[in-house]
Amino acid sequence: MPRCLDCRREVLWTVTDAGKRLAVDPEPDETGNTAVYRDGTGTRRSRRPSEELPLMAWEKLYVPHVATCPARPREATQKRPAVLPPGVLDLAAYRQRAGGRP
């Protein structure tokens with residue numbers, strides 16, 4: 001089984017709907033947010049279940065390995081605020097007060 005290059009734990013590699021590769025932890029997990037299934041060629045495919053397309057009977061939930069990898073610092077997986085150039089105003093607080101309108 002393939003291993004993570006950072007922590008050396010085993011992972012399953014999947015192909016997303018966008019055609020990108022995504023590593024998931026090897027055991028299914030009901031708390032996961034990634035649906036994984038095998039297509040007709042045996043390739044593991046992954047997608048994010050939604051209200052429009054919920055988890056199907058042939059899919060199992062997995063956790064993306066990036067969320068559990070001990071070698072990755074937690075700060076790297078959290079969204080950091082963008083650094084704006086001098087003279088550019090950050091309108092995020094205004095947009096929140098305005099109800100999300102630009």
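Every read-out reported here was derived from the displayed coordinates using simple, explicitly stated rules and does not represent laboratory data. Computed from a predicted structure; not experimentally measured. Note: ideal-geometry Cβ built from the backbone for every residue, glycine included; neighbour counts use all protein chains shown.
Here are some notes:
- Label-point gap, in nm, between Arg8 and Glu52 - each point 7 angstrom along Cα→Cβ: 4.4 nm
- Largest to smallest principal axis extent of the C-alpha atoms in the chain, angstrom: 52, 35, 24
- Length released on extending from Asp39 to Arg95, taking residue separation times 0.36 nm less the Cα-Cα span: 15.9 nm
- Rg(Cα) / (2.2 N^0.38 Å) computed for region 20-70, rounded to two decimals: 1.11
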